[in-house]
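Working notes, structure below.
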Amino acid sequence: MPERNRAGNRLLVLQPTDLFVIGGGPAGLAAAIAARRKGLNVTLADGARPPIDKACGEGLMPDGLAALRSLGVKWDRPPGLSFRGIRFVDRGISVESAFPEGHALGVRRTVLHSTMVEVAAAAGVRMLWGTTVGGISNDGVSIAGETVPARWIVGADGFHSRVRRWAGIAAGPPGSRRFGFRIHYRVAPWSEYMELHWGAGCQIYITPIGPQEVCAALISRDPRLRLDEALAQFPQLLARLNGAPRATTERGAVTANRSLPRVYRGNVALIGDASGSVDAITGEGLCLAFHQAIALADSLASGDLARYQAAHRHLARRPTLMSKLMLSMDRRNWLRRRAFGAMAFEPRIFQTLLSFHLCVPDFS
C-alpha cells in the first residue's frame with residue numbers, strides 16, 4: 001500500500017531511490033528483483049493492484065523458467081502443470097517434439113504475478129500499488145505533483161509506454177498488428193504438449209495449466225474474431241471444448257513485432273513490450289523480458305546503459321527471426337503446407353527448429 005502522511009491525504013514517496021521502475025507487470029517486477037540482487041535500492045509503482053492479469057498463452061518455456069530461477073523466482077511445488085514439448089497441428093497433419101532440455105510450465109498469469117510480487121517484497125523492493133506516475137524528469141519521477149529522486153528510471157509500462165514518450169525515445173510504427181483473446185476451460189488436458197493449431201489467418205494455442213484446466217488463446221489479424229467463432233475452423237478442438245465450462249471470461253490484448261532503434265536515453269531505460277516486442281506466436285514474450293531484466297541489472301550495476309542496449313539487441317535476434325518465419329507460414333498457406341509436410345516426413349527438422357527457438361542461456 002502507498003505510504004501516507006499523518007493527515008492521510010498526501011503520498012509520502014519522496015525517499016530517494018537508486019532505481020524507479022514504472023510498471024508492475026512481470027517485466028517490471030523482474031527488473032526490480034534483478035536490480036535488488038545487484039544491491040540497488042529499488043522502488044516500483046503501478047496504477048493497478050496485484051495480481052495483474054493479461055491475455056496470454058500462459059506457457060513458460062524452459063528458457064523462461066531458467067531465467068526466473070536465476071532471479072530467485074521458484075516454487076517448492078510448482079503451480080499449474082508441466083508439459084514436455086510443442087505440437088503443431090494443421091488440417092490432419094501433426095508434428096511434435098519434446099524440449100531438448102527440461103520442461104515447460106503452464107501457469108495462470110495471475111499466479112505468476114502473485115509469486116513475483118512475493119519475491120520482490122522479500123528482496124526489499126518498495127512497491128507502490130494503485131499509484132499513478134505523472135511524469136519523469138532529470139531529477140526523478142513525479143507522483144501526485146511531487147518528485148521522487150531517482151538515479152535511474154525504467155519504463156516497464158507496456159506496448160503503449162508513456163515512459164518511452166516522456167523520455168523522447170522513438171518507437172517507430174509496429175509491424176502488422178494482431179489480436180489475441182484468451183479463455184480458460186474446465187476440462188482435463190488431453191496432451192503432454194502445448195498445442196498450436198493453425199487455421200486460415202489465425203492460430204489457437206492450447207496450454208495445459210492444471211489437472212482439470214486448459215488455457216485457449218486465439219491470435220489473428222481480425223480484431224472482431226473471437227474464440228467461439230474461430231473454433232469452427234478446428235473440428236478436433238471444437239469437439240473437445242464444446243460444452244466445457246468456462247473458468248474465466250474472454251480477455252483480449254494486442255500483439256505485434258516492433259523493434260526500437262534504441263532502448264535507453266540518458267538515465268531512462270525500457271524493458272518488456274515498452275522496449276519493443278515480438279508477435280505472441282513465438283510464446284517468448286515473458287522469457288525475453290526476464291532475460292532483458294538480467295542484462296539491465298548488470299548494466300545498471302556498471303553504470304553503463306550502452307551495455308544494456310547491446311545485450312537487448314542480441315537477445316531480440318532469435319525470437320524476432322522465429323516470429324518472422326512463423327508469420328510467413330501464417331500469411332502463406334502453401335508455405336505452411338510444404339513446411340508441415342517436410343516436418344512430418346522428417347521429424348528432426350521440427351526438433352532442430354525447437355532447439356534453436358529455445359536456446360537456454362547460461363545463468364550460472
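The values are calculated or read from the model by the stated rules, or taken from the named source; none is laboratory data. Every value quoted in this text rests on a predicted model; they were computed, and no experiment measured them. Positions of Cβ are generated from backbone atoms using ideal geometry, with glycine treated the same way; all protein chains shown enter the neighbour counts.
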### Task
Within the range 259-292, work out how many residues are outside any helix (DSSP H, G or I) and of a type in the set (Ser, Thr, Tyr).
3
### Task
Taking the options 14, 19, name whichever one is at negative phi, in a strand (DSSP E or B) and touching a residue at least 12 places away in the same chain (Cβ under 8 Å).
19
### Query
Right, residue 253: out of contact with any His (no Cβ under 9 Å at 6 or more places or on another chain), modelled with pLDDT under 95, in a strand (DSSP E or B) and within 21 Å of residue 195 (Cα to Cα) or not?
yes
### Message
Residue pairs, Cβ under 6 Å, 6 or more apart or interchain, first in the range 57-75 and over 9 Å from residue 290 (Cβ atoms), second assigned to a helix (DSSP H, G or I) and not charged (D, E, K, R). List them.
### Response
61/287; 72/119
### Task
Considering only residues that are of a type in the set (Phe, Trp, Tyr) and not in a loop (DSSP other than H, G, I, E, B), look in the range 74-132 and name the one that is surrounded by the most Cβ atoms within 10 Å (Cβ to Cβ).
88
### Message
Just the residues that are over 23 Å from residue 56 (Cβ atoms) and small (Gly, Ala, Ser), please, taken from the range 155-179.
### Response
167, 168, 170, 172
## Note on the structure
Those residues of the range 254-278 which are surrounded by 14 or more Cβ atoms within 10 Å (Cβ to Cβ) and over 16 Å from residue 175 (Cβ atoms) amount to 262, 263, 264, 265, 267, 268, 269, 270, 271, 272, 274
### Query
What number of residues in the range 175-205 are within 17 Å of the chain's Cα centre (by Cα) and of a type in the set (Gly, Ala, Ser)?
1
### Message
Considering only residues that are out of contact with any Leu (no Cβ under 8 Å at 6 or more places or on another chain), crowded, with 20+ Cβ neighbours inside 10 Å and either under 20 Å from residue 49 (Cβ atoms) or among the aromatic types (Phe, Trp, Tyr) (or both), which ones fall in the range 133-148?
### Response
133, 141
### Summary
Selection over the range 254-267 where residues are under 14 Å from residue 308 (Cβ atoms) and either free of Cβ contacts under 8 Å to residues at least 40 places away in the same chain or of a type in the set (Val, Ile, Thr) (or both) yields a count of 1
### Message
Going through 226, 221 one at a time, which residue ends up being out of contact with any Ser or Thr (no Cβ under 6 Å at 6 or more places or on another chain) and modelled with pLDDT under 95?
### Response
221
### Summary
Picked from the range 149-174 (must be over 18 Å from the mean Cα position of the chain (by Cα) and at pLDDT below 95), the residue surrounded by the most Cβ atoms within 10 Å (Cβ to Cβ) is 171
### Residue list for the range 45-64, filter: touching a Pro at 6+ places or on another chain (Cβ under 9 Å) and in a helix (DSSP H, G or I)
62, 63
### Task
Give 224, 186, 251 a once-over and let me know the one that is out of contact with any Pro (no Cβ under 7 Å at 6 or more places or on another chain) and in contact (Cβ under 8 Å) with a residue 12 or more places away in the chain.
251
### Query
Can residue 293 be described as within 18 Å of residue 22 (Cα to Cα), surrounded by 14 or more Cβ atoms within 10 Å (Cβ to Cβ) and either touching a Cys at 6+ places or on another chain (Cβ under 9 Å) or not acidic (Asp, Glu) (or both)?
yes
